[in-house]
């Protein structure tokens, strides 16, 4: 039996119920940690489920930033320094990763608070997560303010990409299961995906 | 043993290898079909792995549109009529869904070409996918042209949301496994996620 909600019916739902429902219906999402460091050396780490592929040539990734307190540390640091990292959440660290969503004081680094390890690559200013098998260092490229609700699309250029050599297949694909990559759905639910198949480029 | 790529090294990779690699490293993605219909009644259906949550109150979803031929049918139809649908890809239909990525002629409806069924809700102009357990009807809200590579962020407002009543939990969360929802990674790989856990709102 299907349940149908119109826009008006969605708007009349209790706030928390609506947030859970609408965050779920787009499906599974990438589970990543975004790492930044202020000019004066304070590190920040925050869980994001909105990283999206923008382009491969040149390599760009985007993510959606909500106008909230926690994420503002990420935004301020990346605007101040021009760099940030995107780090894959594994099944092994997904509980710690989720705990970065708590609203810690600016003086507290989520690395310390949840027990994850900073890792630095050469002179790149932003901290990577040592426990993540895929680590991406980006430079801020452009941003778009979404008028309807003041979220922002933030786009960065990939400056550094670090991942285990053995997980890279001959065609450039990456075996995410071997890397223990987690997925997320809604605001609170984590998953371990099983491979169904690979289907290649399709012609009519 | 980690492999490290700098921006310059990524740019020197063979084109197909780079596309596969960069599409993989952001992690698992939502697997959805976007349905549209031109003013003169031609339906179009295309697989998208870039649907992203924009907001719940009011309910908005976004997706990234690449500047390609196939996806231009989707763009033209949604700009012409103001409406489109986002339909969950299930494990049962993931092979058919993937085949909509082939470059069919404009006169051919991907619904017919891959064997999926159009479904209409009241007088909403755009076609839903009958086989999808989660069906979302949206009205076009705003778009942003990404300057660095001419992709677009398209944002729509949820006008209709249709899903099985039994999959909606008491708090508004949706049991995606019961709905057989698939995930995608890279350009060609489909997955069936297993639930790891639900962790709730976190306080420091």
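Quick note: the coordinates plus some simple rules give every number you see, no bench work behind them. Since this is a predicted model, take the numbers as computed values, not measurements. Reconstructed Cβ throughout: ideal geometry from the backbone, glycine too, with neighbour counts over all protein chains shown.
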Label-to-label distances across copies for residue A:169, with labels 7 Å out along Cα→Cβ, in nm, shortest first?
3.2
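Within 10 Å of each Cβ in peptide A:5-17, how many partner chain Cβ atoms are there on average? Round it to a whole number, please.
5
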I need the fraction of alpha carbon pairs in chain B separated by more than 29 Å, rounded to a whole percent.
27
If all Cα-Cα distances of the stretch B:66-163 are sorted into 5 Å bins from 0 onward, what percent lands in each bin, rounded to whole numbers?
2, 12, 21, 24, 22, 14, 4, 1, 0
The ratio Rg/Rh over the Cα atoms of the stretch A:119-198, Rh being the Kirkwood inverse mean 1/r radius, stands at 1.03
Ordered shortest first, which distances in nm separate the 7 Å Cα→C-beta label point of residue A:58 from those of the other copies?
3.7
Rg to Rh ratio, the protein assembly as shown, alpha-carbon atoms and Kirkwood radius?
0.94
Hull shadow area, averaged, the stretch A:18-61 [alpha-carbon convex hull, nm²]
4.8
Averaged over A:175-187, number of beta-carbon atoms from partner chains that fall within 10 Å
5
Other chains near A:146-157: what is the mean number of their Cβ atoms within 10 Å of each residue's Cβ?
5
Ratio to report: Rg/Rh of the stretch A:6-115, with Cα atoms as the point set and Rh obtained by the Kirkwood method; give two decimals.
1.01
Please report, for residue A:107, the nm distances (one decimal) from its label point, 7 Å out from Cα along the beta-carbon direction, to the equivalent points in the remaining copies, shortest first.
7.3
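Of the peptides B:7-15, B:134-142, B:33-41, how do they stack up when ordered by the mean number of other Cβ atoms within 10 Å, highest first?
Put in order of decreasing packing, that is B:134-142, B:33-41, B:7-15.
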